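Below: the structure, in structure tokens.
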Amino acid sequence: MRKYERPTFVPANVGQADYERWLKGRAIAHVKRDRKRGNTTATVEAYKTAIHSAVSLSEGRDNYTGESLCWSHIGSYSNAESKANGRRYKATLALLPSVDHVEDGLGPADFKICAWRTNDAKHDLTHDDFVALCRRVVDHFDLTRSPQKSHPKAIT
């Protein structure tokens, strides 16, 4: 058995080498970003271990929405196609597995797996702040669809 065995929920058309290449790429990208933020202890090996653990714990689903992720898309992002097609291209990869920091990246490696769309929406919010934002969005949506309700005061 390999140290970073491709999880069974990752489709067969994504081979072991593809999975390990994706894992290494995500680890390198996060280490670079975290070192720029001041985390001098970040290492590619520690991040690979933490990301692989998060992948396994995800059971192939978005940590925040529960949606099944499109693991067949890993390693398929194209800068050129993104530049040429913008939003339309990005929308085709909404359920691309993405690595989200649990904290600010200054401590030990700690990640969750979610869809690219979710990670983009969450950005740098904490889990609790993200959930609170989502609740406000839903509350506002419900209020604007129900004319008899009054609009709530702004939440700060």
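Here, each number is a calculation from the coordinates, and none is a lab measurement. Here the structure is a predicted model, which means the values were calculated and not measured. Quick reminder, even Gly has a Cβ in these numbers, built from the backbone with ideal geometry, and neighbours come from all protein chains shown.
A straight Cα-to-Cα reach below 18 Å connects Lys36 with the aspartates and glutamates Glu45, Asp100, Glu103, Asp104, Asp110, Asp124, residues fewer than 8 places away in its own chain not being considered. With viscosity 1.567 mPa s and temperature 4 °C, the Kirkwood radius over alpha carbon pairs of the chain converts through Stokes-Einstein to a diffusion coefficient of 75 µm²/s.
Considering only alpha-carbon pairs that sit under 8 angstrom and 6 or more positions apart, the relative contact order computed for region 16-118 is 31 percent. Using a Gaussian network for the chain with springs between C-alpha atoms less than 10 Å apart, which of these wobbles most: Gly38, Gly25, Gly75? Checking each option, the largest mean-square fluctuation is seen for Gly38.
Rg/Rh for region 3-42 (Cα atoms only, Rh after Kirkwood) is 1.15. Summing Cβ point charges (Lys, Arg +1; Asp, Glu -1) relative to the Cα centre of region 16-118 gives a dipole of roughly 520 debye. Legend: ranking of residues Ser76, Ser98 from fewest to most surrounding C-beta atoms inside 10 Å; resulting order Ser76, Ser98.
Hydrophobic, long helices, defined as DSSP H runs whose alpha-carbon span along the helix axis is 24 Å or greater and whose mean Kyte-Doolittle value is at least 0.5, do not occur in the chain. Pairs from the list Lys24/Lys83; Lys48/Lys122; Lys83/Lys112; Lys24/Lys122 with a Cα-Cα gap above 26 Å: Lys83/Lys112.
Here the peptides 11-22, 26-37, 111-122 are ranked by packing, the mean other Cβ count within 10 Å, and the order with the highest first is 111-122, 26-37, 11-22.
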